[in-house]
Amino acid sequence: MNVSAYVFLKGKQMTENDYMIKDLGEEELLELAELFKMFADSTRIKILYDLFDGEKNVSEICEDIEMNQSAVSHQLKALKNGKLIKSRREGKAIYYSLDDDHVKTIIEMGKEHIEE
């Protein structure tokens, strides 16, 4: 079953002529819902914000957001599984960074939306 997704801009429904309308299949809707669930935890948002500055290891993230390593590591795993962050190993250290610029854009758009 396909569901038409319509874009609303500042309370006005955009028509097909105004904006591209995209049909989303059930699987795509579920994937989109899972993506937005990743942003439903304030600790994950703190971590993502912290990574706006560039890659960091777990200790740096813990210090920046003032949380213990266990809690941060748990959220890093969820963010990595959600494809919002990526990691690279350098010796014994693992460095984390945003997966791509889309992650930053989503957060910035969300912040802009709540500030309206």
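Annotation: peptides 77-83, 90-96, 52-58, ranked by per-residue average of other Cβ atoms within 10 Å with the highest first, follow the order 77-83, 52-58, 90-96.
Amide H to amide H distances under 5 Å link residue 85 with 80, 99, where only residues 5 or more positions off or on other chains count and H is placed in the peptide plane. Counting Lys and Arg as +1 and Asp and Glu as -1 over every other residue whose Cβ lies under 15 Å from the Cβ of residue 101, the net charge comes to -2.
With the cut-off at 1.5 for a/c, could you classify region 48-99 from its C-alpha gyration tensor as rounded, prolate or oblate? Taking the square roots of the gyration eigenvalues as a ≥ b ≥ c, region 48-99 is rounded. Expressed as a whole percent, the accessible surface of region 46-116 that belongs to carbon and sulfur atoms is 47, based on a 1.4 Å probe. Applying a threshold of 21 Å to the alpha-carbon distances of 56/111; 86/111; 77/111; 46/80 flags 56/111; 86/111; 77/111 as lying beyond it.
The values are calculated or read from the model by the stated rules, or taken from the named source; none is laboratory data. Computed from a predicted model, the values in this text were never measured in an experiment. Quick reminder, even Gly has a Cβ in these numbers, built from the backbone with ideal geometry, and neighbours come from all protein chains shown. With ligands, DNA and RNA removed, areas are computed over all heavy atoms of the protein, side chains included. Shrake-Rupley method; radii C 1.70, N 1.55, O 1.52, S 1.80 Å.
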